[in-house]
Protein chains: 2
Amino acid sequence: MSEIGEILERIKKEVTPSKEEVNKLSEIAEKVKKRVEEASKIVGVEAEPLVVGSFAKGTFLKGEGDLDIFVLLPKHLGRGVLNTLGLKIAEIASHGKGVKAYAEHPYLRFYEDGIKIDLVPALKVEKPDEGLTAVDRTPFHLQFVNSKLDDTLRAEVRLLKKFMKGVGVYGAEARTLGFSGYVCELLTIKHRSFLKVVEEGARWHPPTLVKLTQEEYKGEMSHLVVVDPTDSSRNAAAAVSRESYAKFIAACQSFLERPSLEFFYPKEVEVSAFEYGEKHSRNLVLLVFETSPLVEEVAWSEIRSSAKGLGEHLEKAGFGVLGVWFYAKDTHAYVALELTRIELEPNEKRIGPPVYLREHAKRFLQKNFKKAIRGPWIEGEKWVVETKRKKTSVLEYLENDSSIDLAPDIRRAYKSKRVFVNEHAIAELKKSVEAFKEFAKFYHRRPTWLSF
Amino acid sequence: MSEIGEILERIKKEVTPSKEEVNKLSEIAEKVKKRVEEASKIVGVEAEPLVVGSFAKGTFLKGEGDLDIFVLLPKHLGRGVLNTLGLKIAEIASHGKGVKAYAEHPYLRFYEDGIKIDLVPALKVEKPDEGLTAVDRTPFHLQFVNSKLDDTLRAEVRLLKKFMKGVGVYGAEARTLGFSGYVCELLTIKHRSFLKVVEEGARWHPPTLVKLTQEEYKGEMSHLVVVDPTDSSRNAAAAVSRESYAKFIAACQSFLERPSLEFFYPKEVEVSAFEYGEKHSRNLVLLVFETSPLVEEVAWSEIRSSAKGLGEHLEKAGFGVLGVWFYAKDTHAYVALELTRIELEPNEKRIGPPVYLREHAKRFLQKNFKKAIRGPWIEGEKWVVETKRKKTSVLEYLENDSSIDLAPDIRRAYKSKRVFVNEHAIAELKKSVEAFKEFAKFYHRRPTWLSF
C-alpha cells in the first residue's frame, strides 16, 4: 500500500461516524419529525418534515453530525407563511427551545442531547425552477446526491471534506468563502474518488469548469464553476473566492508531492514570540469594534469588507500595508493591520492641476502659495507643492471614518472603536482565546501543511 | 502708460544692443568673412561666407552678441568635404585659434576681441528640401525671418527672448529642452508683439499648433508644434519638452496677472539654510561622476537620461523619490536625488507566481521556504513570502549599476563615482559655485517670478 494509500485509509477510518452516532442522530431525527407532524396539526397546516443536509446524505464527519430538518409547506400558500405558520410549527416542534436565526429565510436553531438541530421552514416545490432560492433547492440536491452516492463514494466525500477543512477552505459561509458540502459531493461524484479530485485540483487553472451532465452551462463564468446538475444555469461553487480556490489548488499540489496527515489535521500554531516592532520593524494596529448582536453571516461579511476598506485607506495614505486580518465573534469584531510604518514623514508632495487648466491652477496656487514648505513648482505639466502634513500618525488617520469604506454596522460602531498598537494589540488579542488562535494563524502565515 | 507697458518699455531699452556693439560685431564679421574668402583661395575651393544667427537677424540681446558664420561650399562637392576642405578653410580663417566642436557637423569656435565666433562649414543649398539637416536649413530661416521682421518686431523678439531666458525656457539644447531663438522669432512674426505671444501662450493647452502659412502641417503632432514656414513637415519647436512648454504657459499666465521685472531678471536664490534631514526628514543623495571631456550637448542629454534612470531605480526600490536634479560641466556630471528615506525596512514582501503556474510556484517555494521570515502563504492567487532584504541602505542600492538605466558615458564612469549624503552632499556641491547656484534653484523649487 502506497504512502498516500495508508494515509487515506487511516483518515477514512477516523472520520467515519460510528453506528452509535448514526443511530443516535436517526432517533433524534425521527422524534423531531414526529413533533413537526404533530405541530402542523396543531397549527392546522399540512406540513411535511424532511431531513436534509449531510446526515441525510450520509456524508457527515465523525463527531460532527447535526440535523437540518425542513418543514415543507404547500407551495400555494406562498413565501409569506414561512415567517408565520412555518416558524410557529418549528417553535412548537422545538418545544419552545428554538432560537431564531437567519439565512435566506428565518429558521429556528436548538439543541437536543447535544445535537444541533436547525428547523427550516420551506415551500414544497415539485421541480427545480429558475426562481428558486438555495433553500428551496436543497431537496433536489439531496435527491441528486443520494441517487449517485454509495457507501464507497460517501467515504471519499468525507475524505475530501476533511481535507478541505484541514487546509482551511471548507464552508461556503462569509467567514471562509470556500467549498460547501454540496460542492465536495459533486466533485467526488464527478471524479469518483478523493485522490482523483486532488489530482484534478492540482492541475486547475482559471477558468475551471466542472460539469456532471452533458448540458451546457448557462451561467456566468468565473475562476471556478461547478455546474449544479439540478440547474445548469447555477454555479454551485459561486461562493468560492479566488483565494480559497488558489489555496485548494496549492494544497492539492503539495499533498501529491509530500502527502502527510497535516493536511487533514492542521497543527496548532505556536504563538510565543511576537516579533513585531523590535525585530522586524513591522507594526501591528488593532481595531476592536463592539457591535449590536449580528447574524454571524452578516458579521463576517461586514468585517471582511470593512477590513478591506481600512487596508486600502492606510495603503493610500502611505503606511505600507503588509497584511490585513479580521475576525468576528458575537458582538466583537476585530481588524488587525500589519504596517510598514505607523508614522509618516512630516511633509508631503502634492500634485496639483496641469498649468493649462488655468482656473484650477490659480486656485491651487492661491491655496498653497503661503503654506507651502517648498514650491509651488512645475513638474511635467502640473503644479506641485510640498506642504506639511496635517496628520502623520496612523492613529490620526484612523480617527475619522468619513473617507474609509466601511460596512454599515461597523460604521455605526466606528466612533466607539478601540485602537491598539504593537504589544498593546497583542495583549488585547490575548483576551480572547479564539481570536488569538486565529490571529496566530494569520501571523505565521505559512500554511501548516506546507513543507519542503 | 499701463504697468505692463512701462515694464516692457524699460526692458526693451535695456536689451537693445548699442550702436557700438553692433558696429563692433559688424566690423569683426566683415574681417572674418574676408579671411574666409582668402582662405578659400588658399585651399582652392569656391567657398562663400554667410553671417547667420541672431546677429544676422538683428535679434540678439544687448551684451550677448556673438557671430555664427557659415562657410558655404558648392553642393556638388558633397558632405564629405565639410570635414576636410571646410574645416581647413575655417582653420585658416580663424588664424589657427579655432577649437573643433560638434553639433550635427563639426565646426570651429574661436574668440576675437572678446566675441565668440563659430565658423561652420556647410553646403550651399538652393532651396529647402526634405533631406536637409538643421544646419543646411539655417540660411532659409535667416531669409524668411529677415523678410518678415522690421525694427519694431525685432524689439518684440528681444522681449520674448529675454522673458524666455528669465523664466528658464530659452534654448533648444539638451540642457534646457526649451524654445530656440528661431521659435521666438516665429512666434513674434505670427502674433505681431511680445504681449500678444504671452496672451496666446497663457491660453495654450496641448496639443498647440502654431502656423504662419496656410499650408497644412505634415509632421507628427505633439504638445507644441510651431510649423517651420520653410518646410511644412517640420516642427520648429520639436525640442520643447512638455515641462518647458508648461513652464512657459504658467509664466505667461502669471505675468499677465502680476506683471513684474522678475520675469526678465530672475532673482538669485538664497541658499543659506538647507533644511534636509533634521527639519523636514528629507534626504539628499548626490552622485558625482568624472567623465572624459564630453561635447556639452552629449553631456547634458546623458546626465538627463541617467538621472531619470537613477530616480526610477530608487523609486522602484522604495526610497520615495521627491525630486531629481542633474548638472553637467566640463568633465563633471552631478545627479542629486531627494529621498523620503535612505534606509528601507529590514524585510520585504515578495510576490511570487500564481499557484496554478505549478512549476514556477514550486521553484518559488523551494527557493524561499527556508529563508523566509514568514510564509510562504497565498494572497489572492499568488504565493507570497516575507524575506530579509539583502540591501536596505540607499548606498547599497547605488553600488551596482547593472539594473540602472544609464547613458553610455555615465555607465563607464559609474564605478568611480562618488556618493554623498545630506550635509556631505551640500558640502560637495558648494565646491562648484555654478553647480551650487543651479542646485539652489532646484532646491527652492518655486519659480522666482511666481508671486501671490
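When each of B:Y356, B:Y334 is tested for being assigned by TED's automatic domain parsing to the domain that holds B:S281 and either of a type in the set (K, R) or farther than 26 Å from A:E348 by Cβ (or both), the lone residue that passes is B:Y334. Scanning segment B:366-424 for residues that are within 16 Å of B:L337 (Cβ to Cβ) and among the β-branched types (V, I, T) yields B:V394, B:I404, B:I410, B:V419, B:V421.
Looking across segment A:329-368, the residues that are assigned to a loop (DSSP other than H, G, I, E, B) and either more than 10 Å from chain B (Cβ to nearest Cβ) or of a type outside the set (K, R) (or both) come down to A:D330, A:T331, A:T340, A:I342, A:L344, A:E345, A:P346, A:V355, A:Y356, A:L357.
Evaluate the following for A:I404: is it in contact with an Asp or Glu (Cβ under 9 Å, 6 or more places away or on another chain) and in contact (Cβ under 8 Å) with a residue 60 or more places away in the chain?
yes
Based on what the data block shows, is B:S301 in the same structural domain as B:L398 (by TED's automatic domain parsing) and over 30 Å from B:L187 (Cβ atoms)? Judged against the criteria, B:S301 is not a match. Out of A:G166, A:G201, one residue alone is more than 14 Å from chain B (Cβ to nearest Cβ), buried (at least 20 other Cβ atoms within 10 Å of the Cβ) and modelled with pLDDT of 95 or more. It is A:G166. Determine, yes or no, whether A:A413 is small (G, A, S), part of a strand (DSSP E or B) and within 46 Å of the chain's Cα centre (by Cα). No, not satisfied. Counting the residues of segment B:81-108 that are under 15 Å from B:V135 (Cα atoms) and in a strand (DSSP E or B) gives 5.
Residues are listed down the side, and each one gets a yes or a no for (1) more than 14 Å from chain B (Cβ to nearest Cβ); (2) modelled with pLDDT of 90 or more; (3) surrounded by 17 or more Cβ atoms within 10 Å (Cβ to Cβ); (4) over 21 Å from A:H280 (Cα atoms):
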position: A:D401; (1), (2), (3), (4): yes, yes, yes, yes
position: A:D405; (1), (2), (3), (4): yes, yes, no, yes
position: A:N422; (1), (2), (3), (4): yes, yes, yes, no
position: A:L429; (1), (2), (3), (4): yes, yes, yes, no
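Would you point out the residue of segment A:77-97, among those that are of a type in the set (G, A, S) and either at pLDDT below 90 or in the same structural domain as A:E296 (by TED's automatic domain parsing) (or both), that is farthest from the chain's Cα centre (by Cα)?
A:G78
Does segment A:432-440 contain at least one residue that is surrounded by 15 or more Cβ atoms within 10 Å (Cβ to Cβ), within 14 Å of another protein chain (Cβ to nearest Cβ), in a helix (DSSP H, G or I) and in contact (Cβ under 8 Å) with a residue 24 or more places away in the chain? So far as segment A:432-440 goes, yes, one or more of its residues are surrounded by 15 or more Cβ atoms within 10 Å (Cβ to Cβ), within 14 Å of another protein chain (Cβ to nearest Cβ), in a helix (DSSP H, G or I) and in contact (Cβ under 8 Å) with a residue 24 or more places away in the chain.
Of all residues being assigned to a helix (DSSP H, G or I) and surrounded by 24 or more Cβ atoms within 10 Å (Cβ to Cβ) in segment B:222-245, which is farthest from the chain's Cα centre (by Cα)? Just the residue, please. Reasoning before the result, please.
Filtering segment B:222-245 down to residues assigned to a helix (DSSP H, G or I) leaves B:242-245.
The next check asks that each one be surrounded by 24 or more Cβ atoms within 10 Å (Cβ to Cβ); those that pass are B:244-245.
Details: B:S244: 9, B:Y245: 12 Å.
Restricting to residues being assigned to a helix (DSSP H, G or I) and surrounded by 24 or more Cβ atoms within 10 Å (Cβ to Cβ), the top hit is B:Y245.
Among the criteria (1) closer than 25 Å to A:R35 by Cα; (2) outside any strand (DSSP E or B), the one A:R154 does not fulfil is (1).
Scan segment B:179-196 for residues that are of a type outside the set (S, T, Y) and either crowded, with 24+ Cβ neighbours inside 10 Å or within 22 Å of the chain's Cα centre (by Cα) (or both) and jot them down. Give the steps one after another, and end with the answer.
From segment B:179-196, those of a type outside the set (S, T, Y) are B:179, B:181, B:183-187, B:189-192, B:194-196; that's our starting set.
Of everything in segment B:179-196, those that are of a type outside the set (S, T, Y) and either crowded, with 24+ Cβ neighbours inside 10 Å or within 22 Å of the chain's Cα centre (by Cα) (or both) turn out to be B:F179, B:G181, B:V183, B:C184, B:E185, B:L186, B:L187, B:F194.
Listed by first and then second residue, the pairs with beta-carbon distance under 6 Å, at least 6 apart or on different chains, first residue in segment B:233-258 and more than 9 Å from chain A (Cβ to nearest Cβ), second acidic (D, E) and not in a loop (DSSP other than H, G, I, E, B), are B:R234/B:D228; B:A236/B:D228.
Taking the listed residues B:K165, B:K218, B:K190, the one that is touching a strand residue (DSSP E or B) at 6+ places or on another chain (Cβ under 7 Å), assigned to a helix (DSSP H, G or I) and on the phi < 0 side of the Ramachandran plot is B:K190, with no other qualifying.
Condition check ((1) free of Cβ contacts under 8 Å to residues at least 12 places away in the same chain; (2) of a type in the set (F, W, Y)) across all residues:
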{"position": "B:P353", "(1), (2)": "no, no"}
{"position": "B:L357", "(1), (2)": "yes, no"}
{"position": "B:A372", "(1), (2)": "no, no"}
{"position": "B:W383", "(1), (2)": "no, yes"}
{"position": "B:L395", "(1), (2)": "no, no"}
{"position": "B:R418", "(1), (2)": "no, no"}
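How many residues are assigned to a loop (DSSP other than H, G, I, E, B) and under 19 Å from B:E185 (Cα atoms) if we restrict to segment B:195-214? Summing the residues that are assigned to a loop (DSSP other than H, G, I, E, B) and under 19 Å from B:E185 (Cα atoms) in segment B:195-214 gives 5. What number of residues in segment B:369-407 are in a strand (DSSP E or B) and at negative phi? Going through segment B:369-407 one residue at a time, the tally reaches 15.
Every residue, every condition in (1) surrounded by 19 or more Cβ atoms within 10 Å (Cβ to Cβ); (2) in contact (Cβ under 8 Å) with a residue 40 or more places away in the chain, yes or no:
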{"position": "B:L108", "(1), (2)": "yes, no"}
{"position": "B:Y111", "(1), (2)": "no, no"}
{"position": "B:L119", "(1), (2)": "yes, yes"}
{"position": "B:E126", "(1), (2)": "no, yes"}
{"position": "B:D136", "(1), (2)": "yes, no"}
{"position": "B:L142", "(1), (2)": "yes, yes"}
{"position": "B:V145", "(1), (2)": "yes, yes"}
{"position": "B:K162", "(1), (2)": "yes, yes"}
{"position": "B:Y170", "(1), (2)": "yes, no"}
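Checked against (1) in a helix (DSSP H, G or I); (2) closer than 30 Å to B:Q253 by Cα; (3) within 14 Å of chain A (Cβ to nearest Cβ), B:L450 meets all criteria but (1).
Quick one: which helices (runs of 4 or more DSSP H) lie wholly within segment A:1-70 and hold at least 2 residues that are loosely packed, with under 13 Cβ neighbours inside 10 Å? The qualifying helices (runs of 4 or more DSSP H) are A:3-15, A:19-43.
Condition test on B:V285, is it surrounded by 17 or more Cβ atoms within 10 Å (Cβ to Cβ), more than 14 Å from chain A (Cβ to nearest Cβ), more than 30 Å from B:V99 (Cβ to Cβ) and of a type in the set (A, V, I, L, M)? Taking the combined requirement at face value, the residue satisfies it.
The values are calculated or read from the model by the stated rules, or taken from the named source; none is laboratory data. The structure presented is a predicted model; accordingly, all values stated were derived computationally and were not measured. Methodologically, a virtual Cβ is constructed for each residue, glycine included, from the backbone with ideal geometry; neighbour enumeration extends over all protein chains shown.
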